[in-house]
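Okay, structure first, notes after.
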Amino acid sequence: MAAVDKAPREHYSPYQTIANNGRQPYVKNGGVDEEDPLLARPAHTEQSVKLLTSVSTVVAVLLLGEFITNADGTLVMAAAAPISSQFQRLQDASWLSTGYTLSLCAAQPMYGKLSDIYGRKPVLLVAYAFFAVGCLISGIGHGLWMVILGRAVSGIGGAGIMTLGSVIITADIVPRRDLASWRAYINIAMTLGRSVGGPLGGWLTDAVGWRWLFLLQIPFIAAGAILVIVKLQIAPPDTPHAPSIRRVDFLGTALLAASIISLITVLDRGGHAFPWVSWPALLLFSSGLALGALFVAVETSKTLAPEPIFDLRILHNNRNVPIAYTISFLQTTAQLGMVFAVPLYMQVSQRASTTRAGAHMIPSVAGNTLGGLLAGYVTRRTGRYKFLLIIAGPVAAVSYALLLARWRDQPLSPWESLDILPGGLGSGICSAAAFVAMSALLEPGEVAMATSGYMLVISLAMTTGVTVTNTVLGVGFRRELGRRLHGPEADEVIRRAVSDTNYIAGLEGRLREVVVRCYVDGLQGTYVISLLCSILGSLLGWMVRQHRL
């Protein structure tokens, strides 16, 4: 059996939260075990019970923000066509999601360090304010670009709400051994938000109009902010330096944000606004890489960045951090590919409605929830997480293999929807275990920055998963159509089929059979990508160092 490293003594965060930093006192042999508090048994006192209730309350408050910000994305996706059509700008509908994604990814890395300087609670409330103002701008916008501007402002706030929820739970109120359990609840809130957002957005748009998608979020955000003010009791940061605007690494922040925006724009708009092989794509990609290189140079300079927005030594000194980032990126990309592909399969091959196609994703959501809870239970009982990262890939790969082998164009029974349950299960296990692996040996001052980076990786993976799936599907679908369709009208059929699923739904007879078969064959390539990502993530799990929690 391989040797197991012992984690360093548990540190107490400078952010003293609810009584004893949110940790229960651990006793061993009648006294407090200072050397190994997480392996000892909790003192079952009345104070401990009250403390657990307080922590649960704080986590519930933070999860409300996680749910709202994740539901927002799919709410707007469901209403993108009606919103853009009202302004006669249907061709720009995707910018409603792109504007939010760009600002979300650009802002996420800065929240960790800003919360270290100014405190978690004030920065979190600023994020709530940004999100609410963005919703207001979008709700009253008199032009599409004003609505998109509101989405960008909301993205800045959404980045902070999602990131700081994880930072506070990780750094301030939960012992590392319990992280996987609490992380599972974050995953549940995020997954439920994304799952509920689409159907709810479509219903609200039809019932009361798209503007209320944004305006109705403001009262919920206000309620969340009030709960943060009342329930989240965190002392100001106890650091040797007073909070000061001069401590903010503006140069590093600007370079990182510009690099992320360039790369995300290529991923999001490539193949739509411009071809993948084109001057705009090359310019954006090369600019992103160049700006990223400049960011690295600035962050490694003590003169230019005495307090870097993201200390790159975190990646160098603790190999678990970059490995956990990579595993999470691969597994999230794999699952998002499946989440994107399965509803399309149902709509095209089975002529399912949007609601029915979305219902087929319930097993994946259930699997994700179950996987996170299972990983939390195992980690809490055993203190081990490495083997969870190793098994997560093969578990998820079962779904992708079943999709490859069984999901053709024949009618599917409701039971066959269970084929995607292992995909959610493996993803849930990986997400909880990877987060623990990332934070296992971080020092208190590193947790916020590392968590910000982790949330950025997840956001990038979500964009990458959809982009890669859409690109592979488009290339495969067009190739198969070109191989099987001939004649004077073939080009027109191909053009319309690759751009509109409603056109495919209206086809009949032999032509429909051929087009649907081509579409299903195109989807096969997306399942292969998910399968490869999942297996590669599992192989990387062997490189993780197991530290005793």
Loop-located GluC sites (Glu not before Pro) in the range 455-545, at most 16 other Cβ atoms within 10 Å (DSSP): Glu489, Glu508
Using θ = phi - 60° and Karplus 6.51 cos²θ - 1.76 cosθ + 1.60, couplings along the range 422-430 (whole Hz; Gly, Pro as x): x, x, x, 4, x, 5, x, 4, 5
Per-bin percent of Cα-Cα distances, the range 499-541 [10 Å]: 24, 34, 21, 15, 6
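Quick note: the coordinates plus some simple rules give every number you see, no bench work behind them. Please read these numbers as outputs of a predicted model, since none were measured by experiment. When we count neighbours, we look across all protein chains shown, and the Cβ atoms used for this are built from the backbone with ideal geometry, even at glycine.
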